Amino acid sequence: MSSLLALCILSILSSAFGGVIIPRYASSPEPVQLSAKEMERYAPYAHLSSAAYCPPHKIQQWQCGEPCKNVALHGENIGIADGNGASVQNFFVAWWPAEKSVVVSYEGTDPTKL
């Protein structure tokens with residue numbers, strides 16, 4: 001199931017970025033500084049990722065603080081939000097009208113709990 005989820009996420013990201021997620025940096029051996037315009041372009045994705053760390057009941061109302069304030073979604077656009085932040089990672093699936101995209105976001109692994 002997790003392989004299918006990863007494939008879905010990569011497909012969505014690939015579509016959002018025109019087929020290749022970050023083509024300019026893929027083969028670069030050195031870190032590349034992003035311009036302010038590039039940072040602005042990626043900011044909504046960072047906010048959507050951050051939102052997955054919020055409790056599902058806050059995600060369902062799209063009232064999770066800073067991450068929710070910075071991306072134009074509303075509670076009616078949230079398809080599912082679940083998890084307990086412990087044995088089941090928090091996640092949500094939503095419709096992002098501004099980008100005409102489905103968003104799949106989930107809480108990452110907490111390295112202190114390995």
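Coordinate-derived values only; no laboratory data. Model, not experiment: these values are computed from the prediction. Ideal geometry is used to build each Cβ from the backbone, glycine not excepted, and the neighbour counts take in all protein chains shown.
With r defined as the distance between the Cβ atoms of Asn77 and Met39 and R0 fixed at 22 Å, what FRET efficiency is calculated, to the nearest 0.05? Let's see the in-between values first.
Values: r = 25 Å, r/R0 = 1.13.
After rounding to 0.05, the efficiency reads 0.30.
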Rough spin-label spacing in nm, given labels placed 7 Å along Cα→Cβ, for Thr112 and Ala98: 3.1
